[in-house]
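Read the structure below first, then the notes.
The values are calculated or read from the model by the stated rules, or taken from the named source; none is laboratory data. Everything numeric in this text was worked out from a predicted model, so none of it was measured. Don't worry about glycine lacking a Cβ; one is built from the backbone with ideal geometry, like all the others, and counts go over all protein chains shown. These accessible areas exclude ligands, DNA and RNA; they are computed on the full protein's heavy atoms, side chains included. Shrake-Rupley method; radii C 1.70, N 1.55, O 1.52, S 1.80 Å.
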Amino acid sequence: DVSRGTASQEEYDYVENAIAKRLAWIWQVPVQNGDEMSVLGYAPCNHVTQHWDYYTKDLQPIGLFDIYWRPTSLGVHGQRMRQAVVYLNDVPEEHGGATIFNRLGLAVQPKVGRAL
């Protein structure tokens, strides 16, 4: 389970690079255009509240990873145009864990290798 730190740094780097290269190929953009990857793991009963992953015009970051971005990110890096979620493990539906898109009325259950 990479998200809980049981993988070596070499294994983590290999997986991260493979995912970054695959996404760059799918999106037809250079790998270096991507944000730094974040790997998250949730314990039972943990969740993330509704949020948006974009930057506002006043350069204040909005979203899950606010603390990792300087207020100048929009001016330096530009707006996020694409984002991916790649699931590294399965979560049975009865245990929750779905990524929910309220406006679309869509809930996606985590399954190993599934990507949004």
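Structural remarks
- Identity of the residue in the range 47-60, of a type in the set (Ser, Thr, Tyr) and assigned to a loop (DSSP other than H, G, I, E, B), that ends up modelled with the lowest pLDDT: THR56
- Restricting the range 1-16 to residues that are among the hydroxyl-bearing types (Ser, Thr, Tyr), in a helix (DSSP H, G or I) and modelled with pLDDT under 85, the residue that is least open to solvent (accessible area, probe 1.4 Å): SER3
- For PHE65, the criteria (1) open to solvent by less than 50 Å² (accessible area, probe 1.4 Å); (2) farther than 17 Å from ARG114 by Cβ; (3) at pLDDT 70 or above hold in every case but one, which is (3).
- Hits in the range 17-46 - residues which are within 16 Å of LEU88 (Cα to Cα), surrounded by 13 or more Cβ atoms within 10 Å (Cβ to Cβ) and at pLDDT 85 or above: ILE19, ALA20, ARG22, LEU23
- Taking first residues from the range 102-116 that are closer than 10 Å to ASP90 by Cβ and partners that are open to solvent by 70 Å² or more (accessible area, probe 1.4 Å) and modelled with pLDDT of 90 or more, the Cβ contacts under 8 Å between residues at least 6 apart in sequence or on separate chains come to GLN109/GLU93; PRO110/ASP90; LYS111/ASP90; VAL112/ASP90.
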